[in-house]
Structures are given as C-alpha cells and as structure tokens.
Amino acid sequence: MPAFICTACGTQHAPSDAPPAECAICQEERQYVPPTGQSWTTLQSLAARHFNSFRQHEDGLIGIGTQPNFAIGQRALLVCTAAGNVLWDCIALLDAATVTLIRGLGGLQAIAISHPHFYTTMVEWSRAFDCPIHLHAADRAWIMRADPAIELWNGDTLPLLPGVTLIRGGGHFPGGAMLHWAAGAGGRGVLCSSDIATVTTDRKFLTFMRSYPNFIPLSAREVNGVAAALAPFGFDTIYGHYFDRVIASGAKEVLERSVARYLAAIAGTARRDE
Ligand SMILES: [Zn+2]
Ligand SMILES: [Zn+2]
C-alpha cells in the first residue's frame with residue numbers, strides 16, 4: 001500500500017489503498033487547501049520529477065531542499081558533530097542521491113523536527129538511516145503516520161547530543177521547537193529556529209506567527225514565551241526555515257529587537273514616523 005503525500009504541505013500519511021479524503025494539516029487554520037483542491041503524490045513519483053539540492057551554510061551545517069520547489073518549500077539542515085549527525089527538520093523528498101551522500105558523511109544519529117509542517121516523510125528518513133525521530137509531545141495529535149521510531153519528548157529542553165539541544169519555544173505550535181548548536185558559528189553558537197522564530201524576508205528581524213499563510217499573529221504571552229525559552233542560550237547566527245532566511249551575525253541582539261518590535265506593534269505603542 002502506498003503512503004500518500006499531500007502535495008500542498010508535504011505531509012506523508014499512513015499507508016492506504018486510496019488517497020486520504022483530506023489532509024488534516026491543510027484543513028487546519030495554520031495551513032490551507034489550494035484553490036485547485038487537495039492532491040496527493042507518492043515518494044516514487046515525487047522522485048521522478050524532483051531532486052534534492054545542498055548548500056553548505058558553514059562547516060558542519062548543510063541545508064537540503066527540493067528542486068523544483070515542492071509543498072511548502074521546506075528546507076532541512078544536516079548538523080554534523082563529533083558525536084554524530086542530526087537531521088534538523090525534514091523534507092518530503094528522500095532520493096537515492098541524498099541517502100548516498102548522507103551515508104557518506106556518517107549517516108544520521110537522530111532526526112529532530114520543529115513542528116508538524118516539517119514532519120513530511122520523517123518515517124522514510126528514519127528507516128533509511130535507522131535512527132529515532134524526536135518530536136515534542138505537545139504536537140502529537142498532528143502525527144499523520146505513526147511509527148515506533150518516533151520518540152516524544154516533554155518539557156522545555158532536550159539534550160540531544162553533546163552541544164546539541166532542543167528548545168521548546170511554543171507559539172506557532174504548542175510543541176514548537178528550535179535547535180541550539182553550541183559549536184556552530186565558530187563557537188559563538190547557532191540557533192536553527194525554523195518558523196518558531198521566523199527570519200523575515202529582509203533578514204534583519206525575526207517574527208512570530210500562529211499562521212504565516214493566513215496571517216494570524218501570536219499573543220504577547222506566546223512571543224514572550226519564545227524569548228524566555230531562548231534566554232539561557234548564546235548564539236550569533238540564526239538559520240530559519242528556507243535556504244535564504246539566515247541572520248549571519250548578531251542574532252542574539254536581532255532577537256531582542258524583534259521581540260520588542262513585535263510587542264510594540266500588537267500593543268499599539270509602535271512609533272511610526274510616517
Ligand atoms: Zn496537507
Ligand atoms: Zn509552520
């Protein structure tokens with residue numbers, strides 16, 4: 001039985017004879033069903049029309065994304081450490097070249113995913129590399145393909161490998177997580193923030209939303225929660241959810257400025273000169 005993949009969001013569902021009637025991820029207010037309706041593909045037919053591309057952002061950090069763009073345009077990050085490699089976030093297409101290349105780099109010790117919009121084909125990746133998938137338990141209702149490899153974590157942080165920590169920020173999703181890599185950015189620290197703290201298009205700020213496609217903002221309480229979760233961690237670079245959403249340096253100050261700007265905007269106290 002094929003495990004169908006939603007073409008709008010990239011989420012693979014449990015194997016079934018026929019495509020599911022609808023995609024719960026797309027039906028929900030944080031995503032959307034395209035005007036053309038819900039449609040489905042399989043990993044095999046996806047691989048026939050697409051391939052993965054790789055960009056080394058810095059030593060030990062490689063972005064992986066699909067060409068041409070598929071679904072939300074998700075981009076995963078391969079974090080390479082002395083204790084093993086972590087796949088941060090996930091993308092729908094897992095092709096033969098990607099398996100060969102990652103195996104050549106030592107395979108995967110773990111997969112960790114920020115929130116359900118990146119769950120995609122996580123089970124396929126886990127089986128290819130024989131490693132666990134770490135998801136925050138607060139988002140368990142959005143797991144569309146259950147698997148014994150999925151390990152749910154609770155609480156605010158999870159030390160994954162030496163120098164690699166998952167941080168729950170919440171906000172966009174209650175279990176919304178980010179990855180801190182202490183050795184990244186030349187030892188100044190890297191934060192992989194996905195869209196829990198989203199790098200804006202101008203790459204000068206971060207923003208925080210319940211829904212990006214449907215423009216639903218978060219509350220002050222939720223944004224303060226993201227900021228509080230990150231407060232104990234040092235980092236100079238932030239990698240967002242797409243290849244080009246990177247804050248190369250000074251990211252800790254960018255976070256502080258961004259939280260202040262957001263809170264002023266929703267409180268109606270933002271100073272606007274024009
Ligand atoms: Zn979907
Ligand atoms: Zn999202």
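In this structure the amide hydrogen of Ile196, modeled in the peptide plane, comes within under 5 Å of no amide hydrogen from residues 5 or more places off or on another chain.
Taking the DSSP beta bridges with both ends in the chain, the antiparallel portion is around 75 percent.
Placing unit charges on the Cβ atoms of the charged side chains and taking the dipole of the range 46-160 about its Cα centre, the candidate lying farthest along the positive direction among Gly107, Ile143, Gln67 is Gln67. Rolling a 1.4 Å probe over the protein heavy atoms gives the range 146-274 an accessible area of 47 Å² per residue. The order of Arg272, Arg145, Arg188 by accessible area, most exposed first and with a 1.4 Å probe, is Arg272, Arg188, Arg145. Toward the positive end of the charge dipole of the chain, with +1 on the Cβ of Lys and Arg and -1 on the Cβ of Asp and Glu, the farthest Cα among Leu179, Ala270, Gln44 is that of Ala270.
By the helix-only formula, in which each DSSP H run with n ≥ 4 contributes -39500 (n - 2.57) and the sum is divided by residues, the chain has a 222 nm mean residue ellipticity of -6000 deg cm²/dmol. A straight line joining the Cα centroids of the range 195-261 and the range 1-18 runs 31 Å. Out of all DSSP beta bridges in the range 149-274, what portion is antiparallel? Express it as a percent rounded to 5. For the range 149-274, the DSSP antiparallel bridge percentage is about 85. Rolling a 1.4 Å probe over the protein heavy atoms of the chain, with every protein chain left in place, gives an accessible area that is 53 percent carbon and sulfur. Beta bridges assigned by DSSP with both partners in the range 36-166 are antiparallel in approximately 70 percent of cases. Among the chymotrypsin sites (Phe, Trp or Tyr not before Pro) in the range 172-274, those placed in a DSSP loop whose Cβ has at most 14 other Cβ atoms within 10 Å are Phe215. When cysteine pairs in the chain are screened for C-beta atoms closer than 4.7 angstrom, the residues that find no partner are Cys9, Cys80, Cys90, Cys131, Cys192. Summarising the label geometry, the points placed 7 Å from Cα in the beta-carbon direction at Ser211 and Asn69 lie 1.9 nm from one another.
The values are calculated or read from the model by the stated rules, or taken from the named source; none is laboratory data. Bear in mind the structure is a predicted one, so any value in this text is a computation, not a measurement. Quick reminder, even Gly has a Cβ in these numbers, built from the backbone with ideal geometry, and neighbours come from all protein chains shown. Accessible surface is based on the protein model in full, side chains and every heavy atom, while ligands, DNA and RNA are left aside. Shrake-Rupley method; radii C 1.70, N 1.55, O 1.52, S 1.80 Å.
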